[in-house]
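The values are calculated or read from the model by the stated rules, or taken from the named source; none is laboratory data. Values in this document were obtained by computation on a predicted structure and should not be read as measured data. In this analysis, Cβ positions are derived from the backbone assuming ideal geometry, glycine residues included, and neighbour counts consider all displayed protein chains. Side chains are part of the model used for accessible areas, which takes the heavy atoms of the whole protein and leaves out ligands, DNA and RNA. Shrake-Rupley method; radii C 1.70, N 1.55, O 1.52, S 1.80 Å.
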Amino acid sequence: MNEIEQLYQDYKPLLFSLAYRMLGSVMDAEDIVQETFIKFEKLPNHESITNVKSYLCKMTTNRCIDQLRSSVHQKETYVGPWLPEPIVEDYVADPAGSYFMKDSISTAYMMLLEQLSEVERAVFLLREVFQYEYDEIADIVDKNSTNCRQIFHRAKKSLGHEPELFQKDSKQLGKIVERFLRALNTGNISEMLQMLEKDATFYSDGGGKVKAAVKPIYTAERITQFFLGLMQKFPADYVFHRKMINGAPGVVVTLEGQVLHVVSFTFREGKINDIYLVANPDKLRSLNEHLQWI
């Protein structure tokens, strides 16, 4: 194994994890990591770089920032709610999947990151998730350490997110999802209403490619009506697969061996607080290309 292959093996999980959190896209994250190593190998002095890990993180971060800036118009014209490309725990395209810290890849967490600017997101993730020192972050984002400290605290305050809000007992939460699915399958409206917080919100991402709600749906009653209507349109041979989605109990819906929807949840006090449904085929492509995990 040559030097570059060893570096790739050592640092790909870290770089992919960083890029996915920055971009919310598995495919884009994979592309950027590949590009980072190709560019690194072509550097005339890469053998003399003392802190390779920091240098690779800097290359990856800068590429992610550039991509986020270039895709601003895309996001602004996106049809309906934008949701991150889902990570299904049973399907890991490569060892990078094992690197994820579960409380920082939840769909809710990823959507919160969308509130931050590109640099704020980078500083926040490098400090909060990857535990970098401010001097290291300053070198990566080309700011001074005092500035990075201020950016981090401002970002954390604007997000108002604490990791403990994320799911702690996946087994217990899995039972909630199971009860909800059973109520949905049997058309038990009262049970569904009992499982949902009164002010619950439903988001669906079809990206304008498939039929989906173009605006969030609010309240347990309206979400229940929507799901019951959706179930009536489903073919008889669809299948629900209970899976861990972005680190939490969720559902993959398949029909004739193809993934139609990936559904994730957030929970509050033993009830479902938010439901996120990804139906955009572009965001399901990598799952559909590797179906042996079903």
Check your understanding: Within a Cβ distance under 10 Å of ASN51, other residues only, what is the Lys/Arg minus Asp/Glu net charge?
Key -> 0
Revision key, fill the gap. Rounded to the nearest 10, the angle in degrees between the Cα long axis of helix 26-42 and the longest principal axis of the Cα atoms of the chain comes to 10 degrees
Revision key, fill the gap. Length gained if TYR218 through ILE38 is fully extended, taking 0.36 nm per residue and subtracting the Cα-Cα distance, is 60.2 nm
Check your understanding: Between GLU133 and GLU178, what FRET efficiency follows from the Cβ-Cβ distance if R0 is 51 Å, with the result rounded to 0.05?
Key -> 0.75
Review point. What's the angle, to the nearest 10 degrees (0 to 90), between helix 220-233's Cα axis and the longest principal axis of the chain?
Key: 80 degrees
Point to revise | Mean Cα-pair separation over length for the chain, i.e. relative contact order, pairs under 8 Å, 6 or more apart, % | key: 19 percent
Check your understanding: Per residue, how much accessible area does the stretch 116-165 show when a 1.4 Å probe rolls over the protein heavy atoms, in square angstrom?
Key -> 51 Å²
Review point. How far is helix 118-128 tilted off the main Cα axis of the chain, in degrees rounded to 10, range 0 to 90?
Key: 90 degrees
Practice item. Only Cα pairs under 8 Å and at least 6 apart count here; give the relative contact order of the stretch 198-239 as a rounded whole percent. Key: 35 percent
Review point. Using a 1.4 Å probe on the protein chains only, how many percent of the accessible area of the chain belongs to carbon and sulfur?
Key: 49 percent
**Study point:** Computed label-point distance, nm, for sites PHE234 and VAL79 using a 7 Å Cα→Cβ extension
**Key:** 2.3 nm
Review point. Ignoring the sites themselves, what is the longest stretch of the chain with no trypsin sites (Lys or Arg not before Pro) in a DSSP loop and at most 12 other beta-carbon atoms within 10 Å?
Key: 1-167
Practice item. Could you list the square roots of 5 times each eigenvalue of the Cα gyration tensor of the chain, that is, the equivalent ellipsoid semi-axes, sorted largest first and rounded to whole Å? Key: 36, 21, 17
Revision key, fill the gap. Quick calc, VAL72 & LYS157: beta-carbon distance into FRET formula, R0 30 Å, rounding 0.05, result 0.80
